[in-house]
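The values are calculated or read from the model by the stated rules, or taken from the named source; none is laboratory data. Everything numeric in this text was worked out from a predicted model, so none of it was measured. Reconstructed Cβ throughout: ideal geometry from the backbone, glycine too, with neighbour counts over all protein chains shown.
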Amino acid sequence: MLERTHVTAWVLAATLSAPLAMAQDASDPFAEVPNETPATSTTSPDASETTGDTAPASTEGTGETTTSDDFGAEDDFGSEDLGSEDSFGSELEDEYGFDPADEFSSAEEPEDRDPWEGFNRAMFRFNDTADRWFLKPAAVSYRQVTPIFMQTGISNFFSNLHEINNVLNDVLQWKWGQAGNDTGRFLVNSTVGLVGLFDVAQHMGLEPSDGEDFGQTLAVWGMPSGPYVVVPFLGPSTVRDVPGEVVEWYTNPLTYVDDNAVENTLKVVDLLQTRASLLQAESLLQGDRYVLMRDAYLQRREFLINDGEQEDDFGGDLDDYDF
């Protein structure tokens, strides 16, 4: 009995000390690892033995010299260089008084665009939670049970209704050519296209535009965008674009449907179709989702306001260059 207790005590002590020993070994991630002996390759009996101190063997008849490259040895790309990468910026900061990564980054630009980041992040989490628990599952179910041709027809139907808002803002922005194109699309698709279920106008040369809204109209009139803001249930916006959401509510033909049940049903279907169309793009979001959504929204709005005309870093128009 005494011997059994003695053995059990030693086993218990070894068990308790093993994690401590492992933690002590793991505490120093930069500890030198002894060089492992490279595995010797199997050679024929006639081949001479080769050691690490022998000269490189030359290939007969070719004049080429074959050297062994030991990737386990220290070289210019060893772990020592990688380990000093984090301290490189701090060394420059101590020597020159600034960190190049911070000096040339656009850290001040998001602060100018997003001064209400604390509030916006809270609203983003609220919207994201509501989307994760309610809207996204409904959109996934809609995508799975609805045939592709029906999804295309529903998308065409609501896009055709949106042409009314496009025409109104085309006129307010004095884009008469675009106003004529959007008016023709609405008339053709509403009649020949069976209330917009089929995009017949596209096959007639009336291409769909990127869309216009009252926020873009205010930008054309010279109103600054103002700070970035996340609106509950509506998502990303700016101070200038919030009134555009109100105007679009009144320019939407579904708002004037007498039957509230039909109106709400159509708007829910429009919301589900829009959300389902974003499922594939959502899978590309990695990292800070808030920052990605904010930058993507602001860049997209800038693209729409400028009608796709972008300038390079030197101020020249990219359209002047032919690639």
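The table that follows gives values for the structure above.
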{"quantity": "Matching option when the condition is surrounded by 13 or more Cβ atoms within 10 Å (Cβ to Cβ) and either of a type in the set (Phe, Trp, Tyr) or closer than 25 Å to Gln178 by Cα (or both), among Val247, Val257", "calculated": "Val247"}
{"quantity": "Matching residues, region 213-233, being small (Gly, Ala, Ser) and surrounded by fewer than 19 Cβ atoms within 10 Å (Cβ to Cβ)", "calculated": "Gly222, Ser225, Gly226"}
{"quantity": "Any hit, region 182-199, residues being closer than 30 Å to Asp295 by Cα, polar (S, T, N, Q), at pLDDT 95 or above and surrounded by 17 or more Cβ atoms within 10 Å (Cβ to Cβ)", "calculated": "no"}
{"quantity": "Residues within region 151-181 that are crowded, with 22+ Cβ neighbours inside 10 Å and hydroxyl-bearing (Ser, Thr, Tyr), tallied", "calculated": "0"}
{"quantity": "Answer residue from region 289-315, given it is of a type outside the set (Asp, Glu) and at positive phi and is modelled with the highest pLDDT among those", "calculated": "Gly308"}
{"quantity": "Residue that is under 17 Å from the mean Cα position of the chain (by Cα), at pLDDT below 90 and more than 26 Å from Pro208 (Cβ to Cβ), where the choices are Gln280, Gln286", "calculated": "Gln286"}
{"quantity": "Total residues in region 200-212, condition farther than 16 Å from Asn156 by Cβ and surrounded by fewer than 21 Cβ atoms within 10 Å (Cβ to Cβ)", "calculated": "2"}
{"quantity": "Counted residues, region 231-255 - those being in contact with a Lys or Arg (Cβ under 8 Å, 6 or more places away or on another chain) and closer than 19 Å to Gly118 by Cβ", "calculated": "2"}
{"quantity": "For Thr238: the one exception among (1) over 23 Å from Met123 (Cβ atoms); (2) surrounded by 19 or more Cβ atoms within 10 Å (Cβ to Cβ)", "calculated": "(1)"}
{"quantity": "Hits in region 241-266 - residues which are under 24 Å from Val229 (Cα atoms) and not aromatic (Phe, Trp, Tyr)", "calculated": "Asp241, Val242, Pro243, Gly244, Glu245, Val246, Val247, Glu248, Thr251, Asn252"}
